[in-house]
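The values are calculated or read from the model by the stated rules, or taken from the named source; none is laboratory data. Fair warning: this is a prediction, and the values are worked out from it, not measured in the lab. For neighbour counting, all protein chains shown are included, and Cβ atoms are generated from backbone atoms with ideal geometry for every residue, glycine included.
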Amino acid sequence: MAKFILGRVFTGAFVVIVVSSITFFLLRVLPGGPFDTEKKLPPQILINIEQKYRLTEPVWKQYAIYMNNLLTGDFGPSYKYVDRTANDIIGDTLPVSMELGLVALLASIIFGTSMGTISATRPRGLFDFVAVSLSTALVSVPSFVIGAVLIYVFSVKLGWFPAALWGDARHLVLPALTLALGPAAYLARLVRASMLETSQATFIRTARAKGLSETRVVVKHILRNALIPVVTVLGPISAYLITGSFVVEHIFAIPGMGRFFVFAVSNRDYPLVMGITIVYTVILVIANLLVDILYIVLDPRITFEKRRK
């Protein structure tokens, strides 16, 4: 297991280097610069600013400097937010995105698994029809539409929850629901399909023939084996939810990492874009590693050698 995890760590480090390199050069080829404004700066002032941030150096040298600083965990100063570094901004915003994402992840797993399980145990029934129709609709509808509907119903009409900003637990409900409903619907469809397929397996018929209760057959045999393909998608979903949806954080004016990423891209704030991209990549790598380990927990027949292949 230690060898497997170590191999994954090296692979993850390589992925982070590749992603950071591609992002670095893509930012440099995009039209416009970090200090281009509607009212142009005097040429000498612009040169002084670019020299301060070493943007007058050749691109290859900028890359070497950045990667050298990255080894020490330094993402560099923000071009937009004066006297603040990308590390400071990420340090302030990541906990907000983590809190929102973890609540949304927990909600999506609970709702999606529950809906998919109930739907699979009562196929072609009324609940199954409603669940499949609702999950299809939620998967198809963009998150900004879901967020707008939730704000209109629960904030404007009912007044139960605040429409935006970040504060107590009441501010967390609507953005977490907006983030969770799409993944929950996708998980519900995946759990239902996987459980229906697993229920036709020979070992399930054998378990029923032994006289096991239906609850034990469903929970211990069908659901546990059906969750294996579901676990595959939990890695990307977890990273997406934990780092925060750019659109959702922007709609609800949440001071999370996703919202700052939108501003950083529009302002060509290279260090902040790079820092958030790298953090997202690291979380995705860690989530995928945890998914691989969870495979072994759910099905001991899967060895680390098989997962490595």
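Can you report the number of residues in the stretch 29-51 which are assigned to a helix (DSSP H, G or I) and surrounded by 13 or more Cβ atoms within 10 Å (Cβ to Cβ)?
Of all residues in the stretch 29-51, those assigned to a helix (DSSP H, G or I) come to 29, 43-51.
Going one step further and asking which of them are surrounded by 13 or more Cβ atoms within 10 Å (Cβ to Cβ), we end up with 46-47, 49-50.
Selection size over the stretch 29-51: 4.
Identify the single condition in (1) in a helix (DSSP H, G or I); (2) among the basic types (Lys, Arg); (3) over 15 Å from Ala264 (Cα atoms) that Arg54 does not satisfy, given that it satisfies every other one. Unmet for Arg54, out of (1) in a helix (DSSP H, G or I); (2) among the basic types (Lys, Arg); (3) over 15 Å from Ala264 (Cα atoms): (1).
Given Phe154, Phe144, which one is of a type in the set (A, V, I, L, M, F, W, C) and without any contact (Cβ under 8 Å) to a residue 40 or more places away in the chain?
Values: Phe144 fails: without any contact (Cβ under 8 Å) to a residue 40 or more places away in the chain.
Selected residue: Phe154, the only one of Phe154, Phe144 that is of a type in the set (A, V, I, L, M, F, W, C) and without any contact (Cβ under 8 Å) to a residue 40 or more places away in the chain.
Restricting the search to the stretch 115-127, which residues are over 16 Å from Glu214 (Cα atoms) and in contact (Cβ under 8 Å) with a residue 24 or more places away in the chain? Matches in the stretch 115-127: Met115, Gly116. Counting the residues of the stretch 151-172 that are exposed (fewer than 12 other Cβ atoms within 10 Å of the Cβ), assigned to a helix (DSSP H, G or I) and among the aliphatic types (A, V, I, L, M) gives 1.
Out of the residues in the stretch 225-252 meeting the condition of being polar (S, T, N, Q) and over 21 Å from Phe144 (Cβ atoms), tell me which one is surrounded by the fewest Cβ atoms within 10 Å (Cβ to Cβ). So the residue we want is Thr232.
Yes or no, residue by residue, for (1) in a helix (DSSP H, G or I); (2) modelled with pLDDT of 85 or more; (3) of a type in the set (A, V, I, L, M, F, W, C); (4) surrounded by fewer than 20 Cβ atoms within 10 Å (Cβ to Cβ):
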{"position": "Leu179", "(1), (2), (3), (4)": "yes, yes, yes, no"}
{"position": "Gly182", "(1), (2), (3), (4)": "yes, yes, no, no"}
{"position": "Thr206", "(1), (2), (3), (4)": "yes, no, no, yes"}
{"position": "Leu223", "(1), (2), (3), (4)": "yes, no, yes, no"}
{"position": "Ile254", "(1), (2), (3), (4)": "no, yes, yes, no"}
{"position": "Gly258", "(1), (2), (3), (4)": "yes, no, no, no"}
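Among residues of the stretch 52-84 being under 32 Å from the mean Cα position of the chain (by Cα) and of a type in the set (Asp, Glu), the one that is surrounded by the fewest Cβ atoms within 10 Å (Cβ to Cβ) is Asp83.
Let's see how each residue does on (1) under 29 Å from Leu227 (Cβ atoms); (2) in a helix (DSSP H, G or I); (3) in contact with a helix residue (DSSP H, G or I) (Cβ under 6 Å, 6 or more places away or on another chain):
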site	(1), (2), (3)
Ile90	no, yes, yes
Thr93	no, yes, yes
Leu102	yes, yes, no
Thr113	yes, yes, yes
Phe129	yes, yes, no
Ser135	yes, yes, yes
Leu138	yes, yes, yes
Ile146	yes, yes, yes
Val149	no, yes, no
